[in-house]
Amino acid sequence: MRIYLIGYMGSGKSTVSGRLAAQLGFQRLDLDELFEEHYKIPIHRFFEKYDQTVFRTFESRLLKETESFDNVVISTGGGTPCFYDNMFWMNQHGLTVYLKISAGAIASRLSQSKKKRPLVSQKKPDELLGFVREHLRQRNIYYSQARITIQAESIDLNELLRLVRQYQ
Ligand code: S3P
């Protein structure tokens, strides 16, 4: 079984993937980490050096390589489902789980996060909430195609496990 965690930046995908993988006895993978290891460059540097279009092409290519893994929980990047056929492909090749979280909670998490995120790092504090709200609205068409949606402000791991096991 392959589980893809999707959701906006700051929704907790990496943390939840570790906890879920431990409970299921699965391996945990993070697509951003795979990208940085594979291309030997931090993502924020990649955005500076090339551009988002190139990033999305490489990201999609790498996503498709996860087909070779089994019994794994994969946390994706916030934009992964929103480009090319990635969302359709994840639904064909695994179980998709959307960590749904409000724009307000995201903005507050992102403003405290130490991770360098190229799409929001230039935003001023008073612009962040408006940006996230609009961006989330645009991405919702992709996120809403997930097989499972769970509220992510504070994850109920037992509930998530129960939902996932229905597909095992
Ligand atoms: C992105 C999210 C990031 C990373 C890249 C682009 C996005 O991952 O893939 O900076 O488009 O939302 P996280 O969601 O893990 O921050």
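Would you check if TYR4 is within 12 Å of the ligand (Cβ to nearest atom), open to solvent by less than 20 Å² (accessible area, probe 1.4 Å) and either not hydrophobic (A, V, I, L, M, F, W, C) or not in a helix (DSSP H, G or I) (or both)?
Taking the combined requirement at face value, the residue does not satisfy it.
Collect the residues in region 79-122 that are near the ligand (Cβ under 10 Å from one of its atoms) and either touching a His at 6+ places or on another chain (Cβ under 6 Å) or open to solvent by 10 Å² or more (accessible area, probe 1.4 Å) (or both), keeping them in residue-number order.
Once the filter is applied, which keeps residues that are near the ligand (Cβ under 10 Å from one of its atoms) and either touching a His at 6+ places or on another chain (Cβ under 6 Å) or open to solvent by 10 Å² or more (accessible area, probe 1.4 Å) (or both), region 79-122 yields CYS82, PHE83, LEU110, SER113, LYS115, LYS116, ARG117, PRO118, LEU119, VAL120, SER121.
Out of (1) surrounded by 19 or more Cβ atoms within 10 Å (Cβ to Cβ); (2) modelled with pLDDT under 95, what's the single condition that is false for SER11?
(2)
Could you list, in sequence order, the residues of region 34-50 that are more than 12 Å from the ligand (Cβ to nearest atom) and open to solvent by 40 Å² or more (accessible area, probe 1.4 Å)?
Residues satisfying the conditions are GLU37, HIS38, TYR39, LYS40, LYS49, TYR50.
Starting from region 9-28, keep only residues that are within 10 Å of the ligand (Cβ to nearest atom), then list their pairs with residues that are open to solvent by less than 70 Å² (accessible area, probe 1.4 Å) and of a type outside the set (A, V, I, L, M, F, W, C) whose Cβ atoms are within a distance under 6 Å, requiring at least 6 positions of separation or different chains.
MET9/GLY78; MET9/ARG117; LYS13/GLY7; LYS13/SER75; SER14/ASP30; SER14/SER75
The values are calculated or read from the model by the stated rules, or taken from the named source; none is laboratory data. Quantities reported herein were computed from a predicted structural model and do not represent experimental measurements. So basically every Cβ, Gly included, is an ideal-geometry build from the backbone, and we count neighbours across all protein chains shown. Ligands, DNA and RNA are excluded from the accessible area calculation, which covers all protein heavy atoms including side chains. Shrake-Rupley method; radii C 1.70, N 1.55, O 1.52, S 1.80 Å.
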